[in-house]
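See structure below.
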Amino acid sequence: MHSDTKWEIAATAARLVVEEGLEFGPAKHRALKELGLPARQALPDNDMVESEVIDYLQLFCADTQPSELRALRRLALAWMERLCAFRPHLTGAVWRGTATRLSDIAIQLFCDDSKQAELALLDQGVRFDVRAVHGFRGETVDALSIHSHCPELNENIGVHLMVYDHDDLRGALLPDKQGRTWRGDINAVRQLVDNAA
């Protein structure tokens, strides 16, 4: 019974991720409400939700999602090249291959000094907002959020630059349970873009 409920939550959350661009956490909580389940209900893990997102994309978005993903990865690569001094790593749905035009781009920067990235953006005349977000170890990190025009999609996309210490890069490249990485450096992203061309 419990595992069936978890799959139902994961499937509903996956639909919200794809159709509304929600992050996994908020999507799972919205799914609970939509399904009329109690707030204390055990939630599926992110791997389960991601698996359902992949199924949903293949079923309902096979004709549009690959080109949208390609456009987002090209935009991400352009930002990574602009900020290559800060060891940028693409993460999230754009890296994992589950992004659609509703997805934001998440790039992690690994800096010797956390203010360097902000100064670089100011030097380039880029307007950004700073907010605190949870890092990949649960710690609080600064996110520099930008609205960047994506010519291929003809709309503005949220680009979020999470600023980490240089030393955090060591633990950042560990794979998940399936052996896939959670983030990729500029060369890995360039390879994805070139292979999709």
Which of the residues belonging to region 174-184 are surrounded by 16 or more Cβ atoms within 10 Å (Cβ to Cβ) and in a loop (DSSP other than H, G, I, E, B)? W182
Name the strands (runs of 3 or more DSSP E) wholly inside region 99-173 in which the number of residues that are loosely packed, with under 13 Cβ neighbours inside 10 Å and free of Cβ contacts under 8 Å to residues at least 40 places away in the same chain is 2 or more. 129-134, 140-150
Quick one: D123 ticks every box in (1) farther than 26 Å from V17 by Cβ; (2) touching a Cys at 6+ places or on another chain (Cβ under 8 Å) bar one, so which box is it? (2)
Among the residues that make up region 49-72, is at least one of them outside the structural domain of C111 (by TED's automatic domain parsing), of a type outside the set (K, R), in contact with a Phe, Trp or Tyr (Cβ under 7 Å, 6 or more places away or on another chain) and surrounded by 18 or more Cβ atoms within 10 Å (Cβ to Cβ)? yes
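Considering each of A132, A106, A93 in turn, give the residue that is more than 23 Å from V189 (Cα to Cα) and touching a Ser or Thr at 6+ places or on another chain (Cβ under 6 Å). Before you say what the answer is, go through the steps one by one.
Numbers: A106 fails: more than 23 Å from V189 (Cα to Cα); A93 fails: more than 23 Å from V189 (Cα to Cα).
None of the other options fit; the residue is A132.
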Just to be sure, is A93 at pLDDT 95 or above and part of a helix (DSSP H, G or I)? no
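The values are calculated or read from the model by the stated rules, or taken from the named source; none is laboratory data. Predicted, not measured: the structure shown is a model, and the values here were computed from it. Heads up, the Cβs are rebuilt from the backbone with ideal geometry, glycines too, and the neighbour counts pull from every protein chain shown.
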